[in-house]
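Any read-out appearing in this document is the output of simple, stated calculations on the displayed coordinates, not a laboratory observation. Please read these numbers as outputs of a predicted model, since none were measured by experiment. Here the Cβ positions follow ideal geometry from the backbone for every residue, glycine too, while neighbour counts run over all protein chains shown.
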Protein chains: 2
Amino acid sequence: MPANQQIILDNRPQGVATVGNFKLITTDTPALADGQVLVKHHYLSLDPYMRGRMNDSKSYAAAQPLGEVMIGGTVGEVVESKHPRFKVGDPVVGMGGWQQYSVVDATQPAALRKVDTTHVPLSYYLGAVGMPGVTAWYGLVKIINPKAGETVVVSAATGAVGSAFGALAKARGCRVVGIAGGPAKCTYAVDELGFDACIDHRQHPDMYSLAKALKQACPNGIDGHFENVGGMILDAVLLRMNAFGRIAVCGMIAGYDGAPLPLANPALILMNRLKIEGFIVSEHMEVWPEALAELGLLVATGKLRPRETVAQGLENAPEAFLGLLKGKNVGKQLVRM
Amino acid sequence: MPANQQIILDNRPQGVATVGNFKLITTDTPALADGQVLVKHHYLSLDPYMRGRMNDSKSYAAAQPLGEVMIGGTVGEVVESKHPRFKVGDPVVGMGGWQQYSVVDATQPAALRKVDTTHVPLSYYLGAVGMPGVTAWYGLVKIINPKAGETVVVSAATGAVGSAFGALAKARGCRVVGIAGGPAKCTYAVDELGFDACIDHRQHPDMYSLAKALKQACPNGIDGHFENVGGMILDAVLLRMNAFGRIAVCGMIAGYDGAPLPLANPALILMNRLKIEGFIVSEHMEVWPEALAELGLLVATGKLRPRETVAQGLENAPEAFLGLLKGKNVGKQLVRM
C-alpha cells in the first residue's frame, strides 16, 4: 500500500483561479476489493474544462466537490489487480484524477481501458488519441461536416484539440486556418502541424482588425469554425463566415473568470443562415471508437505528431494548470509523475 | 390598360424608416406579350423582412433598388391573360409588389400560383397559408423538431408567423408559450390562438425579469424557441433553455435600426449544448407543398383562424408598414386595394 500524493480542491476561485485554491495532501492507498485495480499514474492531463468545474455555478457538468481529489484524465500502468481482464504492467487510460495512484472498479464499463503503445506513445492517449482528439473529431465531422475545398478555422489552434482538428481537416481536403497566441505558436502550427495559415490574435486589438487578417487568410470566406475560446475571436470569425456556415462551440475559456462575454452581432446568424452548436464530447460516447481509430492511424503514420508541454511532479500541477488557462503551453499540457 | 398606382423606394432610411422614404407614383400598365398575365391585386402583404431590404448593407437578400416598386407578396385576380394556364377571374398569389396591378411572366416557374378559395379566404394565402405560415412550419419542423410534451416558445406570437407556429406546435402535442407586446395581444394569443400562456414583454424592464416570467410559464424549461425579434427576448429565453434545446432564428427586427444588438451570454450555447440556426424560408422551396397542405388543413378545419390587420388603400401602405415595425398590428398586416 504505497503512500499517495493527491491534490484536492480546497476552496473556490473568487474571479481568477490561483494556486491557493488547491491543496496537496498524502493518504494511503486502500487494500483492493474484488474487481478493483490499482493504477500507478505516469501522466495527468490538464484541460480547460477543469476551470469550469471549480465554480459552484450552473454549468454543463457537476461542480468539483470541495475537499475531494481534482478530476482529471490519467495514463499509467496496472501495479496490482483483482480483476481478471487486467494484469500487472498493463498500460491503461482512465479518469484517475490529480493523484499518483488510483483504485479503479474495473467492473464498471469504460472505467479503465487498456491501450496499445506499439505505435502510439502512452501520453498521446490523453491528447491526440484521447478526449481532446475525439473532441476535435466530433466538432469537425458531426457539426461542421466539411466538403473538400472548404475553409475551416480553429481557435487555440496549437492546443491538443486544435492540433488534432488541423490534421483531421487536412485529411478531408480542407483549407485549415488556425488562430493562436504569439508568433512561436503560429510558426509551429504552419511548420509542424500542417496548417495552411495561422493568425496571431495578440497582434489584433479588436475584432475588426482580426477579421481583416481572417479575410487575408481565408480568401474564400469561412465555411466551418471550431470555437475553443469565444469573445473577440468568435466575433471576428462571425464577420467572415460564409452563408450556411457551421460553428462548433467547444470552449468559452475567455469567459470563465468574471462576467459573461457578449456576442457582438448575433444578427449575423440570421443574415448568413449559420448553424451554431455547443457540445461536450462525453455525451457522444458512440463516436469514440470511430474517432479513436482515425486519430490513432494519423499518429501511427506520422501525420499527427503534436508537441506536449510536460510539468514534472504532481506538486507542480496547479501552476501548470494556471499556465494552461493563460495559454503558456504548446500542445497538450501534461504532468509527469 | 388601366392606370397603375405604385409605391417606390425613393431614398434609404437614416436610422429609423419614415414615410418620406417612399413615394407614390402613377404609371400605365403595358400591353401584354405572349405568356404574360395582368393581375389586379386585392391585398398586399407587409412583412418585417422589407425593412432589411430598404438598407444598402450586406444582408441575406439583395437590397431594394431605389426608384423601383417595393417588393411584396400579393393576392388578386387575373384580369387579362396571354397564357393558356390562366384565365380571367382566376384567384392568384404572387410577388406583385406595392402596386395595384402587376404584369407577370407566367412562363416562369412559381411566378404566379392559382389558389383555391373554397375553404381558405384569399387573403390567408399571404399569411397562414403563405410565406409566413411556411416560415413557422420550417422553423418548427425542420429546426426545432419537437417531441410531444416538449415546451416551445415563440416571440411576436400574435403575428402571422407566430400564430401559425402556435397552431402547428399544438397539433404536435407541445406546450406553446408566446411572447407578445401588450395585454390585448396576450389575451388574444391565449383565448383565440390556443396558446397555453403568453407573456407581455412590455411588463419586463430587463432580461432577468422576463426570464422569471418564462420560468413560471415554462415550468419544465424551454426545449425549442422560434425567434422573430432578438435582443432582450432572446437573452431571456437563453437563460431558460433546457439542455439540447433548439433555436430557430427567423427575425432580428429589434436590430434593424441602428447598431447591432449583442447577445448577452453566448456561453449558454455551450453550457446547455444548444443548437441555433438561422434560416430564410425562400431558400427551402422543397418544403412548401408539404407545409402548405398542413396549414391549409388547419385553416379549413378551423384550428387556425388568425385575425388580420387591414389598411385601406395603397397610399396608406407606408404608414401601415411603419406601424408593423412598431408592433401596432394584430395578426397579419395587409393592405386592401
5 angstrom amide H check on residue A:156, placed H, neighbours 5+ away: A:179
Proximal charge balance of residue B:33 [Cβ under 14 Å; K/R count +1, D/E count -1]: -2
Number of partner chain Cβ atoms within 10 Å, mean per residue of B:238-249: 2
Simple Cβ-charge dipole of the range A:131-282, Lys/Arg +1 and Asp/Glu -1, about Cα centre, in debye nearest 20: 420 debye
5 angstrom amide H check on residue B:309, placed H, neighbours 5+ away: B:330, B:332, B:333, B:334
Placed amide H near residue A:35: partners under 5 Å, 5+ positions off or other chain: A:82, A:83
Against the rule of thumb 2.2 N^0.38 Å, how large the Cα Rg of the range A:189-236 comes out: 1.14
Rg ratio (alpha-carbon, reference 2.2 N^0.38 Å) - the range A:260-322: 1.79
Debye equation applied to the C-alpha atoms of the range A:74-203, log10 I(q)/I(0) at 0.15 Å⁻¹: -0.77
Using θ = phi - 60° and Karplus 6.51 cos²θ - 1.76 cosθ + 1.60, couplings along the range B:237-242 (whole Hz; Gly, Pro as x): 4, 4, 5, 10, 6, 6
Percent of Cα-Cα distances greater than 37 Å, calculated over chain A: 17 percent
Cα shape, the range B:218-310, gyration tensor, a/c 1.5 rule: prolate
Relative contact order (%) - chain A, alpha-carbon pairs under 8 angstrom, separation at least six: 17 percent
Whole-Hz couplings from phi, Karplus 6.51/-1.76/1.60, listed for the range B:216-233; x for Gly and Pro: 5, 6, 10, x, 9, x, 10, 9, x, 9, 10, 9, 9, 10, x, x, 4, 5
GluC sites (Glu not before Pro) restricted to DSSP loop in the range B:18-94 with at most 14 other C-beta within 10 Å: B:68
Global form of the range A:131-282, assessed from the alpha-carbon gyration tensor, a/c cut-off 1.5: rounded
Helix-only [θ]222 nm of chain B, DSSP H runs n ≥ 4, -39500 (n - 2.57) each, per residue, nearest 500: -7000 deg cm²/dmol
Kirkwood hydrodynamic radius of the protein assembly as shown, Cα pairs, Å: 27.7 Å
Residue mean of other protein chain beta carbons inside 10 Å, B:274-284: 5
Karplus 3J(HN,Hα) series, Hz, for the range B:286-299 with 6.51 cos²θ - 1.76 cosθ + 1.60 (x for Gly, Pro): 5, 8, 4, x, 5, 5, 5, 4, 5, 5, x, 5, 4, 5
